[in-house]
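Everything on this sheet refers to the single structure shown next.
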Amino acid sequence: TCEPEGRPRLVCFRSCKDVRVEDVTLKDPGFWTVYFHECDGVVVRRVTIRSHANFNNDGLDFQAKNVLVEDCDLVCDDDAIVFKGENPDFVIENVVVRRCRISTNCNAFKFGTASLGTVRNVTISDCEVCPRRDSLMWDWTTRVPGCRTHDCGISAVALEVVDGGRMEKVRVRDVTVDGM
């Protein structure tokens with residue numbers, strides 16, 4: 001759904017075709033910044049996100065197919081780019097993410113958490129990832145073994161299938177990680 005209980009998403013596209021989000025800056029949602037729910041044909045280009053006003057402030061969440069994300073600058077307190085398979089009958093597929101800069105305290109690219117469906121044919125390339133150095137929300141020193149400073153993230157790429165779904169043909173190349 002586009003409106004979870006409690007806090008709203010800043011932008012939500014539900015069952016849309018041929019969506020383009022380009023050349024905008026999005027800031028400080030109550031929950032996730034942008035959610036593409038069962039969409040087909042999504043382009044996200046030159047988008048700047050500053051999402052750190054609350055907990056669970058994801059940047060871009062996708063349950064979508066035929067997706068291109070490029071040249072984005074994302075600073076998030078939670079996961080930056082997330083693939084969520086909430087519907088076991090919807091396939092997240094044919095996704096390209098390239099030339100993005102991501103700063104996060106959690107996961108730069110997250111597959112899973114909600115993983116009821118299938119995720120396939122995803123390519124991530126030529127991206128830069130670093131932890132948030134100015135975070136006020138998360139203190140991983142108390143939550144993640146081995147994290148000794150406040151400016152560390154959890155992972156650059158988290159591949160998780162925890163709900164019985166499937167993951168096929170995920171390619172990650174030329175991703176530079178600084179200090180996660």
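The values are calculated or read from the model by the stated rules, or taken from the named source; none is laboratory data. Just so it is clear, the structure is predicted and the values come from calculations on it, not from any experiment. Every residue, glycine among them, receives a Cβ derived from its backbone with ideal geometry; neighbour counts consider all protein chains shown. Side chains included, ligands, DNA and RNA excluded: accessible areas come from the protein's heavy atoms. Shrake-Rupley method; radii C 1.70, N 1.55, O 1.52, S 1.80 Å.
For the pair residue 158 and residue 71 in one chain, pulling the backbone fully straight at 0.36 nm per residue adds 29.2 nm over the alpha carbon distance. Among the chymotrypsin sites (Phe, Trp or Tyr not before Pro) found in the stretch 1-94, those both in a DSSP coil and sparsely packed, with 14 or fewer other Cβ atoms within 10 Å of their Cβ, are 55.
Note on residue 48 and residue 169: the extension gain reaches 40.8 nm, defined as 0.36 nm multiplied by sequence separation minus the Cα-Cα distance.
Non-local amide H neighbours of residue 154 (under 5 Å, H modeled in plane, Pro and chain starts lacking H): which ones? Under 5 Å from the amide H of residue 154 lie the amide H atoms of 106, 107, each far enough along the sequence or on another chain. Rolling a 1.4 Å probe over the protein heavy atoms gives the stretch 11-84 an accessible area of 34 Å² per residue.
Counting heavy atoms of the protein chains alone, residue 113 has an accessible area of about 70 Å² for a 1.4 Å probe. Here r is the Cβ-Cβ distance between residue 99 and residue 14 and R0 is 30 Å; the resulting FRET efficiency, rounded to 0.05, is 0.60.
On the accessible surface of the stretch 1-112, probed at 1.4 Å, how many percent belong to carbon and sulfur atoms?
Answer for the stretch 1-112: carbon and sulfur cover 44 percent of the accessible area.
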